[in-house]
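A quick write-up on the structure given underneath.
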Amino acid sequence: MKKLWLSVFACLCFIHLNGGTIKDFQAAQNEFRSSRWLKAAEKYLALEKKVKGPVKEKVLSYAAIALASGRKVKEANAAAARITAPDWKAYTTLRILSATGKHRQIVKDFASADINSWSEDIAYLGFFNRGRSFFYTRQYPRAIADLEKCAADAGSDNTVKILALNSLIHAAWQNKNTAAAVKYADQVIRITSHRGFHAYLDSCLSKARILAQEKKFADAEKTLADFNRGRNWKGGGVWYFHYLVTCGDVALAQGKKAQAKEFYNRALSTKNVAAGFKKPLQNKMKSIK
């Protein structure tokens, strides 16, 4: 959310806040980025008392989102109620609903919202959150429209751009447009600065699975080879597990049962992976004759 954070920081500088207040903002931002929601909310609410005007409303928005993410919905709504700018109030309400999984409510309340009229800082995030709600309610064409708008408008915010493109992969796949899904995956893969980001990793593996589904096995195997190149898994981790499972799935789709079992066995021996991930794979192996 680079656009959003830089906008607020610019506002803080613009009104010539003292160094202590800027330090407080940075501390709150660090807590938020580390998913320490209630600590972030506490710092934002303390900062609210030191700022005025538009910046105060933006800080309140961050506080409300953090509170909702920390499951303090009543307190989140109370903070949102103190926001007077219509676009920031609407955006904050949308984010509170999204943080609490109220996707049907978002579709009901925001389906016709004019998100384009919102501030540039938040409009692309509004499209992302509404697009995800359309996806979760299986309205794939509407999800694709919103998520494409988000990806196009995200600017230098590659984190949100990748999240939007990753959601687009799955929306297009569910909408039976595998060519579009692969196109979105390729857009993610080009953002090499985020090779360790979970949505980047999922996008690469999803592309391989889609290609295998389309019986483009050579392309699927090349995708997996490119994905693995230069990585040091050290024999562990959930994404190494998913990589090996995907390799097994691509082999199995070609009827290479022995090779598939070899990949699956390596996946089952992967370190630092929860048992809940391995149990379905164990069941799959039992079904291979």
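Couple of notes before you dig in:
- Measuring between alpha carbons in the structure, the pairs from 89/161; 256/289; 261/286; 207/278; 50/74 lying more than 20 angstrom apart are 89/161; 207/278; 50/74.
- In nm, spacing of pseudo-spin labels at residue 228 and residue 156 (7 Å Cα→C-beta vector): 3.7
- Between 0 and 90 degrees, the angle of helix 158-174 with respect to the longest Cα principal axis of the chain falls at about 50 degrees.
- Ordering of 266-273, 181-188 by burial proxy (mean other Cβ atoms within 10 Å per residue, highest first): 181-188, 266-273
- Burial ranking of peptide ranges 56-66, 100-110 (average Cβ count within 10 Å, highest at the top): 56-66, 100-110
- FRET E, pair residue 114, residue 214, Förster distance 30 Å, beta-carbon r, rounded to 0.05: 0.20
- Inter-centroid distance (Cα atoms) of segment 231-289 relative to segment 62-76, Å: 39
- When the helices of the chain are scored as -39500 (n - 2.57) per DSSP H run of n ≥ 4 and the total is divided over every residue, the value at 222 nm lands at -24000 deg cm²/dmol.
- Gap separating the Cα centres of segment 115-133 and segment 174-204, nearest whole Å: 21
The numbers here are math on the coordinates, done by the rules we state, and not lab data. Predicted model only: the values in this text are computed from it and were never measured. Because the Cβ atoms are built from the backbone with ideal geometry, glycine has one as well, and the counts that use them run over all protein chains shown.
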